[in-house]
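Engineer: Below is a structure I'd like to ask you about.
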Amino acid sequence: MMKQLLVYLLLSVSAVILVDRLLGRSLEQLYDAGSEGQNGGDLNRYLKAARPDILVLGSSRAHHHVIPDSLSPTAYNLSHNGMSVAFQSALVAVLSDRNAMPSRTLLLHVDPDDALLHNASGDVRFLRRFYGSVPYVTDRINELHPLERVAFWSDMYRFNGMVPGLLRTWLMPAPTVRNDQRGYVRRADQPQDAERTRFTAHKDSVNASSYAARWNEQHIRERILEPVHYVDSVCRSHGIELILFTSPLYRTTAERAAYNARVHELLGPSPRWIMPDELALNALDNIDLWRDNVHLRHRGATIFSGALARSLDMNSREPVMTP
């Protein structure tokens with residue numbers, strides 16, 4: 001009886017492992033075949049495109065503020081909405097692994113507020129499809145919780161929460177109506193944009209006093225400095241230059257400005273920052289150019305992208321490859 005039970009358990013476990021591996025491989029193929037959306041589709045589309053000379057990475061403030069063809073004819077914007085610099089560092093590891101780094105410059109948006117988000121490091125989970133194949137992604141996910149190593153024994157766990165979206169994309173692929181804007185998506189203006197901008201700017205000013213209480217330098221080092229320095233090391237190994245930038249806000253409080261300055265100070269002179277010229281920043285102090293106090297409309301993005309391009313041209317220099 002005991003022998004039969006052991007045989008049954010062995011066969012059952014083997015069947016579960018086999019099904020998990022088969023389904024995991026099938027989901028991986030669905031993920032890699034997608035070409036729409038920020039849950040893998042945008043990355044897949046970039047990997048199939050020609051290698052750009054300038055690549056833009058960042059959150060929604062980079063995704064909706066930087067128009068690639070303002071920078072160069074082959075520039076590309078691979079920013080992901082809502083993602084921190086910790087996610088961007090893991091994405092750079094994936095791009096390096098896939099030999100998909102830009103040929104000249106990586107333009108990385110750094111949002112100082114990332115240091116205020118206790119769960120910012122968890123953004124790397126959105127790249128869990130690459131767990132086990134990209135060491136940096138694997139290490140960062142393992143740091144999140146001791147049980148992550150156990151959970152990833154299952155191939156299907158890499159696609160936890162993605163299955164409905166992957167199946168929907170496979171069964172009902174979206175019609176190809178996107179213009180090729182090399183990663184930039186123009187959003188339609190809304191009548192309530194100005195009112196939303198006033199409200200969010202007021203809310204930000206009310207919360208400004210909490211900045212001093214919400215951050216410390218250890219958080220800045222862990223959540224911003226360490227990921228940025230990793231990205232810089234990867235860029236140097238590929239012989240390309242890393243340049244940092246931060247998109248403007250509609251209105252910046254004195255407390256936020258002081259905090260941002262401290263983040264810049266801790267990052268130091270290398271990698272270097274570029275800032276749009278004062279004329280462009282003054283032009284952006286127009287509520288009609290904003291969707292809310294942190295996101296520009298397309299017309300505002302045009303002004304900001306042009307200023308960013310001028311800053312790149314004025315500060316261009318050859319990168320130095322690390323031996």
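Engineer: Which of the residues that make up the stretch 72-101 are crowded, with 24+ Cβ neighbours inside 10 Å and either of a type in the set (Val, Ile, Thr) or assigned to a loop (DSSP other than H, G, I, E, B) (or both)?
Structural biologist: Across the stretch 72-101, the qualifying residues are 75, 78, 79, 83, 84, 85, 92.
Engineer: May I pose another question? Considering only the stretch 1-60, how many residues are among the acidic types (Asp, Glu), without any contact (Cβ under 8 Å) to a residue 60 or more places away in the chain and farther than 30 Å from residue 71 by Cβ?
Structural biologist: Of the residues in the stretch 1-60, 0 are among the acidic types (Asp, Glu), without any contact (Cβ under 8 Å) to a residue 60 or more places away in the chain and farther than 30 Å from residue 71 by Cβ.
Engineer: Can you work out which of the residues in the stretch 50-66 that are part of a loop (DSSP other than H, G, I, E, B) and not β-branched (Val, Ile, Thr) is surrounded by the fewest Cβ atoms within 10 Å (Cβ to Cβ)?
Structural biologist: Taking the stretch 50-66 as the starting set, the residues that turn out to be part of a loop (DSSP other than H, G, I, E, B) are 50-53, 58-59, 64-66.
Among the residues that remain, those that are also not β-branched (Val, Ile, Thr) are: 50-53, 58-59, 64-65.
On the way: 50: 7, 51: 14, 52: 26, 53: 15, 58: 28, 59: 25, 64: 25, 65: 28.
Restricting to residues being part of a loop (DSSP other than H, G, I, E, B) and not β-branched (Val, Ile, Thr), the top hit is 50.
Engineer: Could you please find all residues in the stretch 113-169 being of a type in the set (D, E, K, R) and under 14 Å from residue 26 (Cα atoms)?
Structural biologist: Of the stretch 113-169, the ones of a type in the set (D, E, K, R) are 113-114, 123, 125, 128-129, 139-140, 143, 148-149, 155, 158, 168.
129, 155, 158, listed by residue number.
Engineer: Does at least one position in the stretch 34-49 carry a residue that is polar (S, T, N, Q), surrounded by 24 or more Cβ atoms within 10 Å (Cβ to Cβ) and either touching a helix residue (DSSP H, G or I) at 6+ places or on another chain (Cβ under 9 Å) or assigned to a loop (DSSP other than H, G, I, E, B) (or both)? It would help to see each step written out before you state the result.
Structural biologist: Here is the first cut: in the stretch 34-49, the ones polar (S, T, N, Q) are 35, 38-39, 44.
Pick out the ones that are also surrounded by 24 or more Cβ atoms within 10 Å (Cβ to Cβ) and you get none.
Within the stretch 34-49, none of the residues are polar (S, T, N, Q), surrounded by 24 or more Cβ atoms within 10 Å (Cβ to Cβ) and either touching a helix residue (DSSP H, G or I) at 6+ places or on another chain (Cβ under 9 Å) or assigned to a loop (DSSP other than H, G, I, E, B) (or both).
Engineer: Quick one: how many residues across the stretch 1-33 are farther than 30 Å from residue 104 by Cβ and either crowded, with 16+ Cβ neighbours inside 10 Å or not hydrophobic (A, V, I, L, M, F, W, C) (or both)?
Structural biologist: Residues flagged as farther than 30 Å from residue 104 by Cβ and either crowded, with 16+ Cβ neighbours inside 10 Å or not hydrophobic (A, V, I, L, M, F, W, C) (or both) within the stretch 1-33 amount to 14.
Engineer: Go through the stretch 283-293 and give me each residue that's among the aliphatic types (A, V, I, L, M) and either without any contact (Cβ under 8 Å) to a residue 12 or more places away in the chain or in a helix (DSSP H, G or I) (or both).
Structural biologist: In the first step, residues of the stretch 283-293 are kept if they are among the aliphatic types (A, V, I, L, M); the result is 283-284, 287, 289.
Residues satisfying the conditions are 283, 287, 289.
Engineer: Are any residues in the stretch 116-175 at pLDDT below 80, outside any helix (DSSP H, G or I), more than 30 Å from residue 255 (Cα to Cα) and hydrophobic (A, V, I, L, M, F, W, C), and if so, which ones?
Structural biologist: Hits for the stretch 116-175 are 162, 172, 174.
Engineer: On to the next question. Among the numbered criteria (1) acidic (Asp, Glu); (2) surrounded by fewer than 18 Cβ atoms within 10 Å (Cβ to Cβ); (3) under 16 Å from the mean Cα position of the chain (by Cα), which single criterion is violated by residue 69?
Structural biologist: (3)
Engineer: Sticking with this one: Given the conditions (1) small (Gly, Ala, Ser); (2) surrounded by fewer than 14 Cβ atoms within 10 Å (Cβ to Cβ); (3) within 22 Å of the chain's Cα centre (by Cα), which single one is not true for residue 254?
Structural biologist: Of everything listed in (1) small (Gly, Ala, Ser); (2) surrounded by fewer than 14 Cβ atoms within 10 Å (Cβ to Cβ); (3) within 22 Å of the chain's Cα centre (by Cα), residue 254 misses just condition (3).
Engineer: How do the pairs read when you match residues in the stretch 123-152 that are over 17 Å from residue 44 (Cα atoms) and without any contact (Cβ under 8 Å) to a residue 24 or more places away in the chain with residues anywhere that are among the small types (Gly, Ala, Ser) and crowded, with 19+ Cβ neighbours inside 10 Å, using Cβ under 7 Å and keeping only pairs 6 or more apart or on different chains?
Structural biologist: From the stretch 123-152, the pairs are 144/121.
Engineer: Please count how many residues of the stretch 3-61 are closer than 18 Å to residue 74 by Cα and of a type in the set (D, E, K, R).
Structural biologist: Count: 5.
Engineer: Please name all residue pairs, on different chains or six or more residues apart, with Cβ atoms under 7 Å, provided the first residue is in the stretch 188-209 and is under 11 Å from residue 297 (Cβ atoms) and the second residue is part of a loop (DSSP other than H, G, I, E, B) and among the hydroxyl-bearing types (Ser, Thr, Tyr).
Structural biologist: Listed by first residue and then by second, the contacts come to 197/250.
Engineer: While we're on this one: Collect the residues in the stretch 122-160 that are within 17 Å of residue 84 (Cβ to Cβ), surrounded by fewer than 18 Cβ atoms within 10 Å (Cβ to Cβ) and aliphatic (A, V, I, L, M), keeping them in residue-number order.
Structural biologist: 144
Engineer: Return the only residue of 55, 78, 43 being closer than 15 Å to residue 309 by Cα and of a type outside the set (D, E, K, R). Walk me through it before giving the result.
Structural biologist: Details: 78 fails: closer than 15 Å to residue 309 by Cα; 43 fails: closer than 15 Å to residue 309 by Cα.
Matching residue, one of 55, 78, 43: 55.
The values are calculated or read from the model by the stated rules, or taken from the named source; none is laboratory data. None of these values were measured; they are calculated from a predicted model. Because the Cβ atoms are built from the backbone with ideal geometry, glycine has one as well, and the counts that use them run over all protein chains shown.
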